[in-house]
Each structure stands twice: as C-alpha cells, then as structure tokens.
Amino acid sequence: MKFLGQRIGFLSLWVLLMTLGTNPSFANSECLLIANGTPIKLDILKSLAPGKTVIALDGAVKTLKNRYQNAVLPDLILGDFDSSGHEDRGHFNEAKQLHNPDPNTTDLEKGILYCLNAKAPIIWIVNALGPKRFDHLLANIDFLKQYSTASTEIKLVGDKEIIEYVENRTIRFEGKTGKAAGIFGAPEGLVTTHGLKYEMKETRVAAGVFRSSSNYLENAEVSITVVGKVLVTYPHRLAPVKH
C-alpha cells in the first residue's frame with residue numbers, strides 16, 4: 001500500500017497512546033471484536049463475551065443496540081466513527097471511546113492492532129464473514145495471516161465455523177462428527193491430522209495447487225499439526241446445545 005511506512009508509524013503511535021490510556025484490566029485479556037458486518041446469532045455472541053474485553057467497531061454499536069437488544073455490552077468503542085453517531089455511541093455510556101481517523105486502515109484492522117498492543121492471547125472476531133462486501137471478506141481473512149503471532153491467535157467466527165491461521169504449530173478442537181473442516185495453503189504447509197475422515201500425514205497443501213476441502217470430522221476431537229503456513233476452517237461448539 002502507498003505510504004505503508006508512514007501508515008504503520010502513525011497507527012503504531014496511536015495504538016500505543018490509546019493502550020496506555022485504557023483500563024489496565026484490558027491488558028493480557030482475550031479480546032472479542034464485534035465488526036459492523038452480517039450479525040452472528042445472539043446465543044453465539046453471548047457464549048463468547050464472558051471474561052473477554054468486548055470491543056465494538058464503530059457501526060457495530062447499532063447492531064448491539066438494535067439487533068442484540070443490549071444483551072452484550074461493549075467495554076470499548078473504537079474506529080473512525082463514520083458509521084455511528086454520538087447518540088449511537090453514547091447509548092453505551094460506560095464504554096470507553098477511542099477515535100482513530102486514519103483512512104488507510106479498516107476499523108477491524110485498528111481493532112486487531114489495539115488488541116495486539118494490549119497483549120491479548122486470543123482475538124475473537126465476529127460479524128466479519130458476511131456476503132455484503134467480498135473485498136472486506138477477503139481482507140478480513142488476510143488479516144489472520146498478517147497479524148497472527150506466536151503469542152496471539154486470531155479466530156474469525158461464524159454461525160457454524162471458525163477460520164484460523166496456523167503456522168508451525170498444532171491446533172486442537174472439538175466438534176460433532178460429520179461436520180466439515182478444511183485446510184488451505186497460506187501459501188503452503190505440511191499437514192498431519194488426527195480425527196478427520198480423510199487423514200493427512202505430512203501432506204503438502206499449497207495455494208493454487210492442493211487443498212483439503214469437504215473433509216469431515218471422523219472423531220469428536222481433532223488435532224492438526226502444521227509445518228508451514230495454512231488456513232484452517234473447523235466447526236465450533238460456542239452456542240448452547242439444544243436438547
């Protein structure tokens with residue numbers, strides 16, 4: 001991107017100043033970023049929120065107020081504030097507000113960088129996988145690779161699945177047998193799995209060459225070990241089980 005060095009310098013300074021000014025209890029806690037996209041189901045959001053720093057990204061305050069009926073309250077409202085007004089943000093009067101007008105970053109990117117500077121071990125992102133804007137969707141997935149680190153995992157959460165970037169590590173998850181999972185090169189990696197219908201043993205997946213799509217959980221517990229860099233999609237159990 002043009003003026004990338006200047007952009008990162010400005011943004012890093014902003015994040016540093018804002019992090020120093022926030023509630024100390026935010027530091028080192030998991031973050032839940034609520035984007036201004038297609039809303040996930042309320043029961044999933046409610047199962048994610050407890051124990052995390054909840055951050056509403058600009059226009060997401062309207063979703064929290066109108067769609068979710070204040071069932072989840074933000075600790076922080078962050079963004080360039082072009083999608084929300086003073087009245088929208090003021091509705092959550094106990095939440096901090098951080099304004100960042102930088103036009104070269106999306107509100108989601110601002111939120112991710114804020115959480116990284118607060119040393120969040122996991123960043124959960126919701127309402128960022130909707131079909132409204134393909135450019136936003138691809139950028140949001142690309143942020144997983146750009147900003148995931150050895151000390152911070154970033155997970156994009158939908159109604160049924162999670163997308164996660166995995167680099168030189170093992171992930172483990174639980175899900176209902178028969179549910180779908182996929183592994184895609186980012187750009188490539190050697191993958192070994194345990195618990196999938198179509199198991200892999202040091203199998204090379206690479207962007208534009210080979211991927212594991214339409215794979216399924218054979219067991220309720222799955223592990224995926226990666227040497228390299230891949231994107232993994234897998235089911236979650238975040239909503240309460242209905243009997």
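Only the coordinates and a few stated rules stand behind these numbers; no lab work does. Source: prediction; values computed, not measured. Here Cβ is always computed from backbone atoms with ideal geometry, including for glycine, and neighbour counts include all displayed protein chains.
Out of every Cα pair in the range 28-160, what percent are spaced more than 20 Å from each other? Every Cα pair in the range 28-160 considered, those over 20 Å come to 38 percent. Relative to the longest principal axis of the Cα atoms of the chain, helix 4-20 runs at roughly 70 degrees. Remark: Tyr165, Tyr198, Tyr114 ranked as Tyr198, Tyr165, Tyr114, counting other beta-carbon atoms within 10 Å and listing the fewest first. Ordered by the number of other Cβ atoms lying within 10 Å of each residue's own Cβ, fewest first, Ile122, Ile154, Ile112 fall into the sequence Ile122, Ile154, Ile112.
Take every DSSP beta bridge whose two residues both sit in the chain; close to 65 percent of them are antiparallel. Estimated purely from DSSP H runs of n ≥ 4, each contributing -39500 (n - 2.57), the mean residue ellipticity at 222 nm for the chain is -6500 deg cm²/dmol once divided by its residues. Within the straight-line cut-off of under 25 Å between alpha carbons, the lysines reachable from Lys179 are Lys41, Lys46, Lys145, Lys155, Lys160, Lys197, Lys201, Lys229, Lys242, sequence neighbours fewer than 8 places apart in one chain being disregarded. With unit charges on the beta carbon (Lys/Arg positive, Asp/Glu negative), name the residue among Asn215, Leu190, Thr170 whose Cα is farthest towards the positive pole of the charge dipole of the chain. It is Asn215, whose Cα lies furthest towards the positive end. 3J(HN,Hα) along the range 97-104, derived from phi through the Karplus expression 6.51 cos²θ - 1.76 cosθ + 1.60 where θ = phi - 60°, amounts to 10, 10, 9, 10, x, 3, x, 8 Hz, with x in place of Gly and Pro.
Please arrange Lys132, Lys160 by counting, for each residue, the other beta carbons lying within 10 Å of its beta carbon, fewest first.
Values: Lys132 9, Lys160 16.
With the fewest neighbours first, Lys132, Lys160 line up as Lys132, Lys160.
Contact order for the chain, expressed relative to its length and based on alpha carbon pairs under 8 Å spaced 6+ residues apart, stands at 18 percent. Size of the range 164-235 from its Cα atoms: along the principal axes, largest to smallest, the extents are 29, 21, 20 Å. Summing charges over neighbours of Gly178, with a neighbour being any other residue whose Cβ is under 11 Å away from its Cβ, gives +2 when K and R count +1 and D and E count -1. Of all the options Leu76, Leu190, Leu129, the one that moves most in a Gaussian network model of the chain with Cα springs shorter than 10 angstrom is Leu190.
The residues neighbouring Gly85, those whose beta-carbon lies less than 11 Å from its own, together hold a net charge of -2 under the Lys/Arg +1, Asp/Glu -1 convention. Rounded to the nearest 10 degrees, the angle from helix 107-117 to the longest Cα principal axis of the chain is 80 degrees. For the chain, the Cα-based Rg and Dmax, in that order, read 18.3, 55 Å. Each Lys and Arg adds +1 at its Cβ and each Asp and Glu adds -1 at its Cβ; summed about the Cα centre, the range 136-243 shows a dipole of about 180 debye.
How long are the semi-axes of the equivalent ellipsoid of the range 113-229, taking √(5λ) for every eigenvalue λ of the Cα gyration tensor, in whole Å from largest down?
Values: eigenvalues 105, 53, 47 Å².
Equivalent ellipsoid semi-axes, largest first: 23, 16, 15 Å.
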